[in-house]
1. Taking amide H positions as placed 1.01 Å from N in the peptide plane, with prolines and chain starts having none, which residues 5 or more places from F49, or on another chain, fall under 5 Å of its amide H?
2. Between F14 and residues 5 or more places away or on another chain, which pairs have amide H atoms under 5 Å apart, with H built 1.01 Å from N, and which residues are they?
3. What list of ³J(HN,Hα) values in whole Hz, one per residue of region 37-50 in order, does the Karplus curve 6.51 cos²θ - 1.76 cosθ + 1.60 (θ = phi - 60°) give from phi, with Gly and Pro shown as x?
4. Write down the radius of gyration of region 17-57 and its Dmax, each obtained from C-alpha positions, in Å.
Amino acid sequence: MRHEAARPLNEVVFLTVAEVAAVMRVSKMTVYRLVHSGHLPAIRVGRSFRVPEQAVHEYLRENSMESIESTERP
């Protein structure tokens, strides 16, 4: 996964766990699991997490490609 360092910090859009869950159409608990396992990068703001929007899109792109490739195998 690429890191957000290439973009100026003022251009990075951060999403809440609830927003990530809505984009991914999963539960908030699933997002927390992805964050805690390191599959989805996040920063902690107080007691909550913020996830870079680009990281969500990259995660979905990478994992959708993996699932497509695994279903195409004979």
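Read-outs: derived from the displayed coordinates by stated rules, not from any lab. Note that the structure is a prediction, hence the values are computed from the model and not measured.
1. V17
2. Those lying under 5 Å, H to H, from F14 are E53.
3. Result, rounded to whole Hz: 7, x, 6, 10, x, 7, 10, 9, 10, x, 9, 10, 10, 10.
4. Rg and Dmax of region 17-57, Cα atoms, are 9.1, 25 Å.
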